[in-house]
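Heads up: the structure comes next, in structure tokens.
The values are calculated or read from the model by the stated rules, or taken from the named source; none is laboratory data. Every value quoted in this text rests on a predicted model; they were computed, and no experiment measured them. Glycine gets a Cβ as well: all are built from the backbone with ideal geometry, and neighbour counts include every protein chain shown.
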Protein chains: 2
Amino acid sequence: MSTTASGPHAAVAPAPVDVPSGRPAASDTPAPGDPRLARLSLNQATVKRWSLTQAVDGCLRAGVPAIGLWREPVQEMGLEHSARLIRRAGLRVSSYCRGGFLTDPARTDALDDNRRAVDEAAELGAPVLVMVAGGLPEGDRDLDGARERFAAGIGALAPYAAERGVRLGLEPLHPLFCADRAVLSTLGQALDLAERFDPDAVGVVVDTYHVWWDPHVRAQIARAGAAGRIASFQVCDWITPLPVDSLLGRGMVGDGHIDVRSLHRAVLAAGYEADVEWEVFNEDVWSADGDEVIATMARRHVECVL
Amino acid sequence: MSTTASGPHAAVAPAPVDVPSGRPAASDTPAPGDPRLARLSLNQATVKRWSLTQAVDGCLRAGVPAIGLWREPVQEMGLEHSARLIRRAGLRVSSYCRGGFLTDPARTDALDDNRRAVDEAAELGAPVLVMVAGGLPEGDRDLDGARERFAAGIGALAPYAAERGVRLGLEPLHPLFCADRAVLSTLGQALDLAERFDPDAVGVVVDTYHVWWDPHVRAQIARAGAAGRIASFQVCDWITPLPVDSLLGRGMVGDGHIDVRSLHRAVLAAGYEADVEWEVFNEDVWSADGDEVIATMARRHVECVL
């Protein structure tokens, strides 16, 4: 007797469930090769408990063609080994996370560390190094000064990155993080800075979580696209109530308040053609089975993003 | 023998301590009548556990000449009684909190409730009714639609308020609150809306907590001042880490990351001459002795605001 799930007498496979919501899936999981997965990328922070090998294998099983990498797990595996693994798997690298943190004068190694991150991105074949500005130094209230230091740091790094074929992707973070993580707070502000440099050297990262509230988000996406500056498009949702750790308040798209589809259409209309990277920092997502996270991501990508 | 704290043989009064930090005060507490207190206002949410009577008495003891009122404690005491209490105490009312919440079509009583709030503000002699937009309705991701409903509500209320001599103060809230509390997210956005109406009818509220991160905050303060639109200036600080309840993450000025003095100077330079209202939602502040909260406020007003 057949054990496939087709036909009236077949064993019934358990209906898929979305994680971490626990709700029944609203659609079938797209199979590997489904053209709707063609531009889907898994940022490996979404399956944070997995090693790079596990994340690559998970992408291959699910037919996710691209991956966003982080420095820590790459360093854990070793740069060369990681690069070989990704190449052999045939995955695209959509981004490399992350550089930046250029606002604290006490961090005298920040530029050197960023140059190493650029080198790593080049070795991995990542087209963009995601740059997070950094927050206010301890006890410092000079926000303009911190912003100027970030700009100066980008100025120092841009030629180095351009020579190596890596684009710096300036990522504005939600103003929630202005004090302690990123003094770059809006897409407009990121573009004002990026425009001092060649578009191939410096672009911007549009992350739905960080920009969705901005009354000017659509105008700024159009501006970014017209200038060829959209280096990466990342998606996740804004969920409420905020969790205790405000860094982990991101949801699977569809679980929160953001109209991600309309923002995706805006970046498409602005000429963006690269990957749509799912980056979800969330303890409940991290605690779930990685394959189920990826399956939920694939379904929701079709339901809520495309 | 004298018990005053002056002279070499006098009993020594305990050195004052700031609350809730517990740090020794960095300056003497300004005495009642000190001209540096002339534009200081206590928003009664800063001493939330106190009744209106207690808050008024606290202001009188400390020489704080103005108070920002909230609907709930006023209703608790009764409107007429509250108005009489404030008048007899000789306190200015700097603002009345709050109206708004006009984004949810299911709240069919919202306009009526706001008209009542306008009536109450008029009776209390409050020059401004603080308007918080409201968030996205449950399950709704149409942010533009919610913003349009808020604008329509302001349009419906502005003539009513103007007839009664009460100004609607549109308060942009930090984008942290965009989903669940206020779809009005920046000062620029608030001004775009306010400018559809007469400046005497509709102004904006500048609260340091909500606007400090905005790369355009100084330009927008200047714009607001030039148009005579600054209806209220409120201060508190952004502290990290954010507390579990993100509504309560405000600090006493000086305890966090905001350069409040520079923002105060910006509103002064823009022509603002009304009160500086301290509004601090913070469980540790609420748990402290109200007189000590007010004393800390008075010291920090001199140290960090003026």
Quiz item: Inside segment A:160-178, can you point out the residues that are under 22 Å from A:Pro105 (Cβ atoms) and over 20 Å from the mean Cα position of the chain (by Cα)?
Solution: A:Tyr160
Quiz item: For residues in segment A:219-260 being surrounded by fewer than 17 Cβ atoms within 10 Å (Cβ to Cβ) and modelled with pLDDT of 95 or more, which is farthest from A:Leu168 (Cα to Cα)?
Solution: A:Ala219
Practice problem: Just one of (1) in contact with a Gly (Cβ under 8 Å, 6 or more places away or on another chain); (2) within 17 Å of A:Pro127 (Cα to Cα) trips up A:Ala66, so point out which. | Solution: (1)
Quiz item: What is the residue count in segment B:101-141 for residues that are touching a residue at least 40 places away in the same chain (Cβ under 8 Å) and at positive phi?
Solution: 2
Quiz item: If you go through segment A:186-205 one residue at a time, do you hit one that is hydroxyl-bearing (Ser, Thr, Tyr) and in contact with a helix residue (DSSP H, G or I) (Cβ under 6 Å, 6 or more places away or on another chain)?
Solution: no
Quiz prompt | Selected residue [more than 10 Å from chain A (Cβ to nearest Cβ), without any contact (Cβ under 8 Å) to a residue 40 or more places away in the chain and not in a strand (DSSP E or B)] from B:Leu268, B:Leu242 | solution = B:Leu268
Quiz item: Do we have any residue at all in segment B:149-158 that's surrounded by fewer than 24 Cβ atoms within 10 Å (Cβ to Cβ) and closer than 16 Å to B:Asp200 by Cβ?
Solution: yes
Quiz prompt | Scan of segment A:84-122 for residues that are more than 19 Å from the chain's Cα centre (by Cα), not in a loop (DSSP other than H, G, I, E, B) and not basic (Lys, Arg), ordered by number | solution = A:Leu85, A:Ala89, A:Ala110, A:Leu111, A:Asp112, A:Asp113, A:Asp119
